[in-house]
Amino acid sequence: MNKVVEQLIPAIVSYVTEHNGYVTKTKLLKLLYLFDVEFFRANQRIFTGFEWKFFHLGPWTSEYEPIINSLVATGALVEQSSARSEYDTKFFRSSEHSDLSRLFPSFAEEAVLRRVLNTWGENSTGEILDYVYFRTEPMEHGIRNERLDFTHISQEEPAKYIRNASGVTKKDVKRLRAELASRLKDLQGRQTFEFTEPNYDEQFQVEMDRLEKQN
């Protein structure tokens, strides 16, 4: 793992919240993954050094949880509960402003992260989960419970993500629900791994419900 990640995470949280976005544990994990995807596209290597796996509904790494717990324990990250009781969700904010430029040896590398955050920082967790699962090369070629292969990533710039009025169409919401139900059914009866499952299924459902209501 790249030791700079311990500084990168608070910097991402600081940048997103200062640009009117919110950060949950799930959203932060997917932003790190998207950064690794685009960093690999530009540099043929990932930045974080994480061992990403295709786990249940998306990319996951066992290295993430201990780092987050450590950053919260030291005060570098501050957890806040949702003001709405029906959302059992924790939000993060950074204890101080973080300068992205000090984390990278060149502006070219810093620019990759800025593009990712400017594209996705204000988006909902549901939208990011949809894009990560269905539109990133490591996941498209991934095998469940196996390590993700970033060498499938094309060096060509991906098509610019454009958000429509509600994030996804009503047809897309129906398709996503059907695919989600199929995958969850497929998981039934499979062996349970000893590592802790990332807790974002409920958040995914909340976002999907919100998107459907907007159509």
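The values are calculated or read from the model by the stated rules, or taken from the named source; none is laboratory data. Here the structure is a predicted model, which means the values were calculated and not measured. Heads up, the Cβs are rebuilt from the backbone with ideal geometry, glycines too, and the neighbour counts pull from every protein chain shown.
Numbers for the structure displayed
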quantity	calculated
Residue that is under 18 Å from the mean Cα position of the chain (by Cα), modelled with pLDDT of 60 or more and either among the β-branched types (Val, Ile, Thr) or at negative phi (or both), where the choices are Thr169, Thr119, Thr196	Thr119
Residue match in the stretch 22-35 (condition: within 14 Å of Leu71 (Cβ to Cβ) and either over 13 Å from the mean Cα position of the chain (by Cα) or not aliphatic (A, V, I, L, M) (or both))	yes
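This table checks each residue for (1) assigned to a loop (DSSP other than H, G, I, E, B); (2) of a type in the set (S, T, N, Q).
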position: Glu122; (1), (2): yes, no
position: Gly126; (1), (2): no, no
position: Leu129; (1), (2): no, no
position: Phe134; (1), (2): no, no
position: Arg144; (1), (2): yes, no
position: Ser154; (1), (2): yes, yes
position: Pro158; (1), (2): yes, no
